[in-house]
Amino acid sequence: MFNMNEKEILDELRVIQKDKENWKESIDDVALKLNDDYPINVKAKALWVLGEMGLQYPDVVKIHIEEIARYLEDESPKLRE
């Protein structure tokens with residue numbers, strides 16, 4: 001993220017979301033977007049994409065479940081959705 005702006009990161013996540021053939025290899029990269037260094041919009045998109053990926057690759061996403069679940073109690077409604 002550090003050399004990319006929010007729009008570029010969101011665009012990158014959209015490309016990943018559409019490229020279902022490479023989801024398995026992209027899960028960890030998407031999960032990194034949940035880091036505190038990223039804006040709420042990026043985290044929200046990453047959560048959404050991880051949710052979709054989890055339906056296809058539950059065993060791979062499973063290692064990120066704890067981190068994903070902590071957003072259920074986040075103060076931002078966008079992240080709790």
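The values are calculated or read from the model by the stated rules, or taken from the named source; none is laboratory data. All values reported here derive from a predicted model rather than from experimental measurement. Every residue, glycine among them, receives a Cβ derived from its backbone with ideal geometry; neighbour counts consider all protein chains shown.
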Inset, instruction - Using the structure shown, decide if Ile40 is within 18 Å of Arg14 (Cα to Cα) and surrounded by fewer than 18 Cβ atoms within 10 Å (Cβ to Cβ). - result: yes
Inset, instruction - Give the residues of the range 65-81 that are assigned to a helix (DSSP H, G or I) and of a type in the set (D, E, K, R), sorted by residue number. - result: Glu66, Glu67, Arg70, Glu73, Lys78, Arg80
Legend entry - Matching residues, the range 41-54, being under 11 Å from Leu79 (Cβ atoms) and not charged (D, E, K, R): Asn41, Val42, Ala44, Ala46, Leu47, Trp48
Inset, instruction - Would you confirm whether any residue within the range 6-29 is among the small types (Gly, Ala, Ser) and within 18 Å of Glu81 (Cβ to Cβ)? - result: no
Inset, instruction - Check the range 49-57 and report whether any residue there is under 10 Å from the mean Cα position of the chain (by Cα) and either modelled with pLDDT under 95 or part of a loop (DSSP other than H, G, I, E, B) (or both). - result: no
Legend entry - Given (1) within 17 Å of Leu79 (Cα to Cα); (2) of a type outside the set (D, E, K, R); (3) in a helix (DSSP H, G or I), index of the condition Tyr38 fails: (3)
Inset, instruction - Residues being surrounded by 15 or more Cβ atoms within 10 Å (Cβ to Cβ) and among the acidic types (Asp, Glu): count how many of those fall in the range 1-25. - result: 1
Legend entry - Counted residues, the range 58-74 - those being more than 14 Å from the chain's Cα centre (by Cα) and surrounded by 12 or more Cβ atoms within 10 Å (Cβ to Cβ): 1
Legend entry - Matching residues, the range 26-37, being among the charged types (D, E, K, R) and surrounded by 12 or more Cβ atoms within 10 Å (Cβ to Cβ): Asp28, Asp29, Lys33
